[in-house]
Amino acid sequence: MKLTNTIFSGALCAALLTSAASAETLRWANVGDILTLDPYAHTESGTSSFLHHIYEPLVRRDAELKFEPALALTWEVIEPTRVRFTLREGVTFHDGAPFTSADVVASVTRLTHPDARARGNLAGVARAEAVDDYTVDLVLNAPDPLLINKLTGVFIMDEEWLVANDATLPGNTTTGVVTYASDHANGTGPFMLESRQPDARTVLTANPDWWDTPIHNLTRIEFLPINSDATRVSALLSGEVDVITPSPLQDTERLEAAEGVTPLQNPSLRTIMFGLNVARDELHGGPNGGTNPLRDVRVREALWRAIDMEAINSRVMRGKARIAGSIIAPPVPGYEAETDVKPDYDVEAAKALLAEAGYPDGFATNLDCTNDRYINDEEICLAIASMWAGIGVDVELTAQTRSNHFPKVDRGETDIYMIGWATLPAMDGFSPLSQMLATREGDYGGNNPNGYSNPRVDEITVMAASEVDNDKRIALIEEAIQIARDEIAYIPLHQQPLSWAARDNVEIIQFPDNYFRAWHYRVN
Amino acid sequence: MSGVASPSAPAGLMGQFLASPKAMISAAVALLLILSAGFAPLIAPHDPFALGTFNLMDSELPPVWAEGGDPRFLLGTDTQGRDVLSAILYGMRVSLIVGFAAVALSAGIGTLLGLLAGFRGGWLDAVLMRFADVILSFPTILIALLVSGIARGVLPDARQGDYAIYVLILAIAINEWTQYARTVRGQTMVEASLDYVKAARISGLANGRILGRHILPNVLSPVIVIATINLGLAVLAEATLSFLGVGMPVTQPSLGTLIRIGNENLFSGVWWVVVFPAATLVMLVLSVNLFGDWLRDALNPRLG
Amino acid sequence: MRSIPALDNRLRIRGLEVLYGGAAAVDGIDIDAVPGEIVAIVGESGAGKSSVGAALLDLVDPPGEWRASEMTLDGVPIDYKRTHVRGRDISVIFQDPQTALNPLFTVESQLVHMVRHHLGLSQAEAKRRAVEMLDEVGIADPETRVRAYPHQFSGGMRQRVVIALALACRPRLVIADEPTSALDVSVRAQILELIRSICRDRGMACLLITHDMGAVAAISDRAVVMRHGKAVETAPTGQLLAAPTAPYSRTLIAAVPPVDRKIDRFALPDTGAVVSDPSLERWLRANETDAAAVPLAVTGLGKTFGARGFLKRGTPVHALKDVSFEIGRGEIFGLVGESGSGKSTLAQIAAGLLKPDQGEVRLLGKPFSAATPDRALRRYRDGMQMVFQDPFSSLNRRMSVLDTIMEPMHGVPRAEALRLVPALLERVGLPPDVMTRKPHAFSGGQRQRIAIARALAGRPSLLICDEPTSALDVSIQAQILNLLKDLRDDLGLSMLFITHDLPVVRQMCDRVGVLHRGSLVELGATEAVFESPRADYTRALLSYLPHLPELQPAS
């Protein structure tokens, strides 16, 4: 009996080990789970990065982040507001259905629906019109210089599949609307969905009928959310997973020293900042004498001056972050070094500003942060909460999972909240302008629940949206960014570093947009 | 068949206590920890809950005896610059408040329900015990998560830190009352069958008075023992919940929160942030458990 | 099968001492027993008689130890290191057949194991022997019964099996340790008779360790009276019972309720002198209820268990069937029955603790029947008190004596209660300063006195005594019975006295009712019932009593 048990468990172990050690499986551990499988229901780049393996856009970015044809072969501006795309033929969805212009039309219709959370990604597009099976026109509201940028983030879905599964209306992670597409997927991408267990494991298998020639050698990707940094690192060190994203900064030294693993660090585009609620008359955090202190620019400056970013960078970010004064990173078009200036850390000056604004004893506010989205997000917020307490601001800190945090922010239920913006997929200053600075109305201001509103900024937004002369367009954007900086519409903190770590047998490229593109990776 | 008095009545509880090194040491340690936690505001060198009193530049300092240590922070600082020693004292305070309150609440509810079930029997007994069975079949953590979740939904978002402690106490107490109820019920049924209860009835006592005056004092011994053991369990439960992030807020770390933070940074060499709180937790729970162990044995002969 | 050598199984013990941590439980006694003879070791609790048995079997647990200057069987010292001494040469009949047999094994397997272990018989031979043994001890149909489990036998039958087990290897000495204490009186006599006949027939020596004078009288040839570890008197049984010489023996014999005649009080030396306080007497009598009211009138009482209830199935048990009787003022009414007769049920109903199904009880004129609402019960119980059988469970171990006795004192201001309680304690023969102590400090007899004091504190007109002395030693029993009689005489208490012990009934009760399986089969004046019983069952009960030579009161 005992011998049989031993043999049996031995065989079981061997089987598990073999499956775990399959050379073509990539086990990817991320800090959090993806929000949904529906590409139009969310705007979180982490989820987009994952979905890009299942779905594809008309145009994608290559290894240098330059544009490259994907589902569209060529495009042409035939009228100022009409761009014609010639589609790739012979592409099939994972369920075998052929890819045609009808799918593009259905996708655009679905994405531009007012209830689509991600509709801001295709702002300015009125509709799509099929010309023939493999030709489709995108009709714009106005000439759009960033159309191709935007399209790199627009995933094409299968019209027949949407209809058959009653999912022609989009989901929305903020309002909580779910459809069949939220937990099922049918795309054209290099990998197919095999199984999805939320908060446990999502598995993709290679698509043998993919239209492109694979550089990768993966047969299978296992996506595992592991929230705890220490656990994720342990899993990497023990060989349970092959790649971890992100890798905790504080463990970089250790990972460098360890056998079989290598940390990867590069500057990223993502700026971490605080949004400030100026829409409400009173803050959620307290009546403050019936006023909203955040409405006063002196208060905002005081808050910014009270943050010792040097300390945070050295202590919390291990010196790997880039302190920011502007809400966009240097590589992003629209960035100006003159704008990128943080007011000096000066506690006394901060207190004086508060007193001047009418809050000599400080005020009370809430601070909402994530604890599983940005690098050391909770630590940063805790440190800043303490710094603000030092100037008399009574902070009630809530640090929670991003699936609760972002909807809360969107509903306007926060006072000061943490947000990170990488300008992706557009990778252009127009992205934060139109999403974060423009007044929330229509296609714009989708990520501006704060009530920040400046008429000149709104004006610039409209102009830049259709300005085809790139230099003029950039100048407009720079102006808007400067206004936002002067008014301290947001309090930028830093650009966080990209920090991954992988086992040595994995050939992996770390892209500045922090996107995972496993179709470039190999496991040896 | 007895014509002779039973042998000299068991040496008083105090006598037994003084004769047992296990009891004295465990009680001393537990008492020391509990008192230092209780007087934390007085004896802690810093207040780790007061945002603005700690400095990020003081973060990750090792204990005073190690190289780089600072005499201001005897056991070092955590990643935010909070003094680990103070954090342990305040954190233990939170843990103990939750522990004691949860135990008191669950013991109170459980004893009351156990008395009723054992004394009345019939349908009341059946209903209560089935209810207890249902509760028992849920894992503690699950119930605690449930209560936390409901509280977050029901109560306004502001000042979550204020009610977090009550939610914790309630969550843990909901789980624990069943133990007391079952034990007390069994004991009550035994006691209720004894003749002195009949004598009390004949003497005209109402049921309530019989329960309170006769039965309750006789079923308290096991309750006390269970309570002592459960204190340790309650503290551990709170630590687990805080570790999972659904307990105390990050600005008022309990021992569990400290262990979680320390755990995140364990590999980068900052060992003191997890080792000292964990050691304290172990010592606290161990000493309380040992004392409860001894108490159970000491009270046992008297149950007969 | 080995033949048993014909040995002279004479037991000689000299100077036996058993010590537990320095204290002597047995302090140097001598015992002789010849084959076929039954020697009784008699004593009350704490006398050390069980320790004698333990020493003989070498079952004294450390740190206890025993030694004897001589311990021989037929002149050969008993060597306990030899494996077969216990079980084969010396065996034991235990008190409680319930625990003496292993419930998991059949009778056969237990007997077979015993026999094979000690005698080395084959399986088949051992099985045959098992059946023989069951037959010898009088179990009918032994071939089938041998395969039954212990719980499938009744109490008496089980004890027969225990005896069979003890005798299976034909031991030379049998130690019977309280073999009948756990049995009903009807079965008791049979078992004793069985032990006697087996010992006589096989020429075995038997030591009967007991407190039961009746058993001693019934079957023993000689008796050793033990007290505090010493042998106070050793004499042939008849002589001991008729004319004890040692003072303790005299007290002991005097305390035994005689079977054949009525005595008024037990002639005991004055221990626990009762002190009477006039103000207490006044207070106790102040609760004179309506003199015309009959203390207790039971009419057509019936009670059934286990019949109704939608979840209950199984055969209903008729605990009481149409019972009727009355108790007059100042009368002690005895209710006799064996276990299962329904006497406890009747006591509970009379006390208002259990509702009858049919019929009615009137306590001092207040009715109690199935129709009585619960809240009326407290009023019903007014004027009645109860003394229970088990002195250990009838007092709340956490309450002081003072609080216990004060409990029935309703409406009495504390200051007055503090005066009354010491007086009550003295009335029942306890020193008043024991008020502050808790029950565990007292012996069984003392606890019953406290219980009686508590009952008196309720100023009852009717006192229900449910086997009040069954758990007490015989000398203590005598004291308590004397006390109860005194109280009746002084205070005019009526009593419902429930017991299974016929001699006690004869001594205590004016009238008696005999309960058999829930029905009152006999009712009448005590002497009449004892001298000329009308019911067959009564006659049978009386026949179980040991027939003793005339007992003269020790004087």
key: Listed residue pairs exceeding 31 Å between alpha carbons, taken from C:LYS230/C:LYS343; B:LYS198/C:LYS485; C:LYS127/C:LYS343; C:LYS262/C:LYS303; C:LYS343/C:LYS366; B:LYS198/C:LYS321   = C:LYS230/C:LYS343; C:LYS127/C:LYS343; C:LYS262/C:LYS303
Gap separating the Cα centres of the stretch A:291-335 and the stretch B:101-145, nearest whole Å = 53 Å
ask   = Where in chain A lies the longest segment free of trypsin sites (Lys or Arg not before Pro) that are both loop residues by DSSP (not H, G, I, E, B) and have at most 13 other Cβ atoms within 10 Å?
value = A:67-410
ask   = Can you pull the percent of the protein assembly as shown's accessible area that's carbon plus sulfur, 1.4 Å probe, other chains left in place?
value = 56 percent
ask   = Quick one: what do you get for the stretch C:144-197 if you divide its Cα Rg by 2.2 N^0.38 Å?
value = 1.14
query = A:LEU237: net charge of surrounding residues, Cβ under 13 Å, Lys/Arg +1, Asp/Glu -1, itself excluded?
reply = -4
inquiry  = Rounded to the nearest angstrom and ordered from largest down, what semi-axes does the equivalent ellipsoid of the stretch C:142-266 get from its C-alpha gyration tensor (root of 5λ)?
reply    = 31, 18, 12
request  = Anything losing 50 Å² or more of accessible area from the isolated chain to the full protein assembly: pick those residues out of the stretch A:365-398, probe 1.4 Å, ligands and DNA/RNA ignored.
outcome  = A:GLU378, A:GLU379, A:LEU382, A:SER386, A:GLU396
remark   = In the stretch B:148-227, the trypsin sites (Lys or Arg not before Pro) that sit in a DSSP loop and have at most 12 other Cβ atoms within 10 Å of their own Cβ are none
key: Equivalent ellipsoid semi-axes - Cα gyration tensor, the stretch B:84-166, angstrom   = 32, 17, 11
key: Cα-Cα pairs of the protein assembly as shown separated by more than 50 Å (percent)   = 54 percent
ask   = How large is log10 I(q)/I(0) at q = 0.06, 0.11 Å⁻¹ when the Debye formula is applied to the Cα atoms of chain A, each weighted equally and without solvent?
value = -0.30, -0.98
message = Helix check for chain B. Which DSSP H runs span at least 15 Å along their own axis by Cα, with a mean Kyte-Doolittle hydropathy no less than -1.0?
response = B:21-38, B:84-120, B:122-137, B:140-154, B:160-192, B:216-244, B:272-303
message = Could you compute Rg(Cα) / (2.2 N^0.38 Å) for the stretch A:271-495, with N its residue count?
response = 0.97
inquiry  = Checking an interface number: how much accessible area is buried between C and B, summed over both chains, with a 1.4 Å probe, in Å² rounded to 100?
reply    = 2800 Å²
task = Run the numbers on chain C and let me know its relative contact order in percent, using alpha-carbon pairs under 8 Å that are six or more apart.
result = 15 percent
remark   = Once phi for every residue in the stretch A:273-278 is put through the Karplus expression 6.51 cos²θ - 1.76 cosθ + 1.60 (θ = phi - 60°), the whole-Hz ³J(HN,Hα) values, with Gly and Pro written as x, are 8, 9, x, 10, 7, 10
key: 3J(HN,Hα) from dihedral phi, the stretch A:102-113, Karplus parametrisation 6.51/-1.76/1.60, rounded to Hz, x for glycine, proline   = 4, 5, 5, 4, 4, 5, 5, 4, 5, 6, 8, 4
query = Against the longest principal axis of chain C, how steep is helix C:123-136, in degrees 0 to 90 to the nearest 10, with axes from Cα atoms?
reply = 50 degrees
remark   = Rounded to 0.05, the calculated FRET efficiency for the beta carbons of A:GLU24 and A:ASP212 at R₀ = 25 Å is 0.90
key: Fraction of antiparallel bridges per DSSP, chain A only, in percent to nearest 5   = 75 percent
inquiry  = Using amide H atoms built in the peptide plane, which far-off residues or other-chain residues are under 5 Å from A:ARG60 H to H?
reply    = A:GLU68, A:ALA70
Area hidden from solvent between A and B (accessible, protein heavy atoms only, 1.4 Å, total, Å²) = 2500 Å²
remark   = In Å, the Kirkwood estimate of hydrodynamic radius for the stretch C:368-439 over Cα pairs equals 14.2 Å
inquiry  = What do you get for the angle between helix C:107-119 and the principal long axis of chain C? Use alpha-carbon atoms, 0 to 90 degrees, nearest ten.
reply    = 40 degrees
remark   = Taking every other residue with Cβ under 9 Å from the Cβ of A:GLU129 and scoring Lys and Arg +1, Asp and Glu -1, one gets +1
task = Using label points projected 7 Å from each Cα along Cα→Cβ, tell me how many nm separate A:GLN197 and A:LEU169, to one decimal.
result = 3.3 nm
task = Please list, in chain and number order, the residues 5+ apart from B:LEU75 or on another chain whose amide H is under 5 Å from its amide H, with Hs placed from the backbone.
result = B:VAL64, B:VAL84, B:LEU85
remark   = If amide H atoms are modeled at 1.01 Å from N in the peptide plane, then the residues at a separation of 5 or more from B:THR53, or on another chain, having amide H under 5 Å from its own are none
query = For B:LEU13 and C:ASP264, FRET efficiency with R0 = 45 Å and r from the beta-carbon atoms, rounded to 0.05?
reply = 0.40
ask   = Using only Cα atoms, what is the ratio of the radius of gyration of the stretch C:428-533 to 2.2 N^0.38 Å?
value = 1.18
request  = Take the Cα gyration tensor of the stretch B:10-303, multiply each eigenvalue by 5, square-root it, and list the three semi-axes largest first, rounded to whole angstrom.
outcome  = 42, 23, 14
Inter-centroid distance (Cα atoms) of the stretch B:182-205 relative to the stretch A:382-429, Å = 61 Å
message = Tell me the per residue accessible area of the protein assembly as shown using a 1.4 Å probe; a whole number in Å² is fine.
response = 40 Å²
inquiry  = Using 0.36 nm times the number of residues separating A:GLU68 and A:THR205, minus their current alpha carbon distance, what extension gain do you get?
reply    = 46.9 nm
task = Could you check what % of the DSSP bridge pairs in chain C are antiparallel, to the nearest 5?
result = 55 percent
inquiry  = Between the stretch C:421-445 and the stretch C:176-253, what is the separation of their alpha carbon centroids in Å?
reply    = 34 Å
key: HN-Hα J in Hz across the stretch B:65-82 - Karplus 6.51, -1.76, 1.60, θ = phi - 60°, x for Gly and Pro   = 7, 8, 5, x, x, 10, x, 5, 10, 4, 9, x, 10, 8, 6, 9, x, 7
task = Over 42 Å, how big is the tail of the calculated P(r) for chain C, in percent of all Cα pairs?
result = 29 percent
remark   = Place a point 7 Å from the Cα of C:GLU125 in the direction of its beta carbon; the residues of the stretch C:144-183 whose amide N falls under 16 Å from it are C:168-170
request  = Please name the residues of the stretch C:396-444 whose accessible area, counted over protein heavy atoms with a 1.4 angstrom probe, falls by no less than 40 Å² between the chain alone and the full protein assembly.
outcome  = C:ASN396, C:ARG397, C:ARG398, C:GLU407, C:HIS410, C:HIS440, C:SER443
key: In degrees, nearest ten, helix C:185-202 long axis to first principal axis of chain C (Cα)   = 20 degrees
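The values are calculated or read from the model by the stated rules, or taken from the named source; none is laboratory data. This one's a predicted model, so the numbers in the text were calculated from it and none came from an experiment. Reconstructed Cβ throughout: ideal geometry from the backbone, glycine too, with neighbour counts over all protein chains shown. Accessible surface is based on the protein model in full, side chains and every heavy atom, while ligands, DNA and RNA are left aside. Shrake-Rupley method; radii C 1.70, N 1.55, O 1.52, S 1.80 Å.
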